[in-house]
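Input: a single structure, listed below in structure tokens.
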């Protein structure tokens, strides 16, 4: 007959290696710093590409509008202003 195993005592239940509190605090600070840097970089990169896209779209529409206005102005063929003769 096998004897039932008893639960280990409180000292035996702990992990073999417990990190000191300052190592854990440094690890948390490092993770937060990296997360902030990576998140900020992604945010500002996305913002920059969005602005480039919107500016390109605006400039393209503005260029087409100017071209259309120039064509309308040329199609009207306004008469040249009459110069008064000085005799």
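Listing for the model above:
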item: Cross-chain or 6+ apart pairs with Cβ under 9 Å, segment 12-23 first and at negative phi and in a loop (DSSP other than H, G, I, E, B), then surrounded by 10 or more Cβ atoms within 10 Å (Cβ to Cβ) and at pLDDT 90 or above; result: 19/27
item: Residue check for residue 36: without any contact (Cβ under 8 Å) to a residue 12 or more places away in the chain and over 12 Å from the mean Cα position of the chain (by Cα); result: yes
item: From the options 80, 64, 71, 87, residue that is at pLDDT below 80, within 30 Å of the chain's Cα centre (by Cα) and at negative phi; result: 64
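The values are calculated or read from the model by the stated rules, or taken from the named source; none is laboratory data. The shown structure was predicted, so the numbers you read here are calculated from the model rather than taken from an experiment. Positions of Cβ are generated from backbone atoms using ideal geometry, with glycine treated the same way; all protein chains shown enter the neighbour counts.
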